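Working notes, structure below.
The values are calculated or read from the model by the stated rules, or taken from the named source; none is laboratory data. Here the structure is a predicted model, which means the values were calculated and not measured. Here Cβ is always computed from backbone atoms with ideal geometry, including for glycine, and neighbour counts include all displayed protein chains.
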Amino acid sequence: MMEATNKKMIHMVINGQDREIEVHPNELLLDVLRERLGLTGTKIGCEAGDCGACTVLIDGKPTLSCLTLAIECHGKEILTIEGVGDAEKAELHPLQKAFVEHYGVQCGFCTPAMILTAKALLDKNPNPNENEIREAINGVICRCTGYVQIVESIQTAAKELREANE
Amino acid sequence: MKFPREMTRVLKEFGYFDPSKVDDAVPILGELGNRVMILAGGTDLLNQMKLRQVNPEFLLSLMNMKELEYVRYDKGLKIGALTSITAMKESEVVRERYPSLFDAAEWFGTPQIRNMATVGGNICRSSPSSDMVVPLMALDGMLRLVGPKGVRTIQIETFAAGSGENVLDREILTEIIVPKRKEPLGTAFVKLKRSSADLAKVSCAVSIMVKDTRCEDIRIVLGAVADKVFRAKAAEEVMRGEKVTDEVIEEVGKRASLEAHPITDVRSTAGYRMQMIGILAKRMIYSSLERLRQRGH
């Protein structure tokens, strides 16, 4: 029988950077990102999988980091909100720009999850209709906006990205 | 369970296994028995651990078992237990041949939950509302279980023993099989819920076979209205062998709720659930018939 692990050195690619970190099996990805790697853009919400505030992209797929063990992310590519846009050049991703200009942000707490989820959608489907957008974001709860401006922001960004790619 | 639920941010410590083959997992299950729990998608198990509802000494993670991720049509539908709900939703063979399974994958949780959750995990959780179990039971689904004593295949109807309980005996579910049928099948599934991430208030799946305007065979399965998913057999009896008419379907709707024992909880009241059972059963019969028609039968 195999030996049980109680500590492992894991390797992840986070926002394009190679990171190596030793983790215990009981550490959640959310806490490793926030506490140990200082990436506090990913938010702590309900911690039960209902609100989506902790959403990150793992190998391109929206995933709840509050219900993911860090140890299971060995070898995976992770994108957090800090990896969207270029902080050093102070350049916003078209999604971020659209959210700012079209009032997709109020308190901002759901915004990292909304942007990452929208990015995953547009990477797969550059021309989503309103229904497809609403379906894609229905795992992230927003208490402020009523979602209308969020949908408009995503539609605007989608259009801009399509035009940039022509 | 009291409200508000007491949740602890930090999980208790546990030993961790992540074998890459089922054969390596079996001796672990055999030796540790109920000291070890299996981790698939984690969308429910980690929640339970935070609530301290379960406190396993060891977790056996299936994340390396790529051999359990597949959906293929081969004299029936074969689904690897680790197949994600998203993969079910995106599978062409599921959407075309087993639309009730596609419906269940669509109704299931949120996009994030669908990316993480697995068909096997949903079945083994044995929740009274298990979304994937409902249509699978209406398709006479079978489960392949592997353990220290060997391999066995059982009907999905015999798997759950009650809320959160099942017949797994140091075993791991490896495959879900939907047997091939000779005649065409109309299938549909619906889930009533409050919000996207919610469990069902009531869910219902129907599979129907029609020959010369008579219902040759039918399955009506209900979720979230008893301590486990079950077939409303008395309601099925009303329709089996009869000509398909609105009157018969109306009678089926009345019978379907008689066999259910819904409770009042935070999601819904027993009374509302009772009312909805008949309505959903009828709707799913009509949807299944419509799907048969669309395929030219």
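Would you confirm whether or not segment B:131-139 contains a residue that is of a type outside the set (A, V, I, L, M) and over 18 Å from residue B:84 (Cα atoms)?
No, that holds for no residue.
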*Could you please find all residues in segment B:183-220 being farther than 30 Å from residue A:51 by Cα and under 14 Å from the mean Cα position of the chain (by Cα)?*
B:206, B:220
*Please go through segment A:23-37 and pick out each residue that is more than 9 Å from every other protein chain (Cβ to nearest Cβ) and either in a strand (DSSP E or B) or in contact (Cβ under 8 Å) with a residue 24 or more places away in the chain (or both).*
A:23, A:29, A:30, A:32, A:33
*Which residue, of B:232, B:197, is small (Gly, Ala, Ser), surrounded by 17 or more Cβ atoms within 10 Å (Cβ to Cβ) and farther than 26 Å from residue B:40 by Cβ?*
B:232
*Go through segment A:129-166 and give me each residue that's free of Cβ contacts under 8 Å to residues at least 24 places away in the same chain and of a type outside the set (A, V, I, L, M, F, W, C).*
A:129, A:131, A:132, A:134, A:135, A:138, A:146, A:147, A:159, A:163, A:166
*Counted residues, segment B:224-265 - those being hydroxyl-bearing (Ser, Thr, Tyr) and in a helix (DSSP H, G or I)*: 1
*modelled with pLDDT of 95 or more, touching an Asp or Glu at 6+ places or on another chain (Cβ under 8 Å), more than 15 Å from residue B:112 (Cα to Cα) and assigned to a helix (DSSP H, G or I): does that describe residue A:155?*
yes
_Residue identified as touching a residue at least 60 places away in the same chain (Cβ under 8 Å) and either within 20 Å of residue A:64 (Cβ to Cβ) or out of contact with any Ser or Thr (no Cβ under 6 Å at 6 or more places or on another chain) (or both) among B:80, B:150_ = B:80
*Any chance you could count how many residues in segment A:1-16 are over 30 Å from residue B:33 (Cα atoms) and either touching a strand residue (DSSP E or B) at 6+ places or on another chain (Cβ under 7 Å) or within 14 Å of chain B (Cβ to nearest Cβ) (or both)?*
5
*Taking the residues in segment A:58-88 that are more than 10 Å from every other protein chain (Cβ to nearest Cβ) and among the aliphatic types (A, V, I, L, M) as candidates, determine which candidate is nearest to residue A:114 (Cα to Cα).*
A:81
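Please return the ranges of strands (runs of 3 or more DSSP E) entirely within segment B:20-116 where 3 or more residues are closer than 22 Å to residue B:144 by Cα and within 11 Å of chain A (Cβ to nearest Cβ).
The qualifying strands (runs of 3 or more DSSP E) are B:58-61.
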*Just to be sure, is residue A:97 in contact (Cβ under 8 Å) with a residue 24 or more places away in the chain and of a type in the set (Lys, Arg)?*
yes
_If residue A:82 meets every condition in (1) crowded, with 20+ Cβ neighbours inside 10 Å; (2) out of contact with any Pro (no Cβ under 8 Å at 6 or more places or on another chain) apart from one, which number is that one?_
(1)
*asked:* Here are the criteria: (1) surrounded by 17 or more Cβ atoms within 10 Å (Cβ to Cβ); (2) over 16 Å from residue B:217 (Cα atoms). Tell me which single one residue B:291 does not satisfy.
replied: (2)
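If only one of B:245, B:264 is surrounded by fewer than 16 Cβ atoms within 10 Å (Cβ to Cβ) and touching a helix residue (DSSP H, G or I) at 6+ places or on another chain (Cβ under 6 Å), which one is it? Full working, then the answer.
Values: B:245 fails: touching a helix residue (DSSP H, G or I) at 6+ places or on another chain (Cβ under 6 Å).
Sole residue among the options that is surrounded by fewer than 16 Cβ atoms within 10 Å (Cβ to Cβ) and touching a helix residue (DSSP H, G or I) at 6+ places or on another chain (Cβ under 6 Å): B:264.
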*Exactly one condition in (1) surrounded by fewer than 24 Cβ atoms within 10 Å (Cβ to Cβ); (2) in contact with a Leu (Cβ under 9 Å, 6 or more places away or on another chain); (3) over 30 Å from residue A:3 (Cα atoms) is not met by residue B:61; state its number.*
(3)
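Residue-wise test of (1) touching a strand residue (DSSP E or B) at 6+ places or on another chain (Cβ under 9 Å); (2) outside the structural domain of residue A:108 (by TED's automatic domain parsing); (3) touching a residue at least 24 places away in the same chain (Cβ under 8 Å); (4) not in a strand (DSSP E or B).
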position	(1), (2), (3), (4)
A:18	yes, yes, no, no
A:39	yes, yes, yes, yes
A:42	yes, yes, yes, yes
A:47	yes, yes, no, yes
*Here are some conditions: (1) touching a Phe, Trp or Tyr at 6+ places or on another chain (Cβ under 8 Å); (2) in contact (Cβ under 8 Å) with a residue 40 or more places away in the chain; (3) more than 14 Å from every other protein chain (Cβ to nearest Cβ); (4) buried (at least 24 other Cβ atoms within 10 Å of the Cβ). Residue B:126 meets all but one. Which one does it not meet?*
(4)
*Return the total of residues in segment B:173-197 being in contact with a Phe, Trp or Tyr (Cβ under 9 Å, 6 or more places away or on another chain) and free of Cβ contacts under 8 Å to residues at least 40 places away in the same chain.*
0
*Would you check if there is a residue in segment A:118-126 being in contact with a helix residue (DSSP H, G or I) (Cβ under 7 Å, 6 or more places away or on another chain) and within 12 Å of chain B (Cβ to nearest Cβ)?*
yes
*Total residues in segment B:1-36, condition buried (at least 18 other Cβ atoms within 10 Å of the Cβ), free of Cβ contacts under 8 Å to residues at least 60 places away in the same chain and within 17 Å of residue B:68 (Cβ to Cβ)*: 4
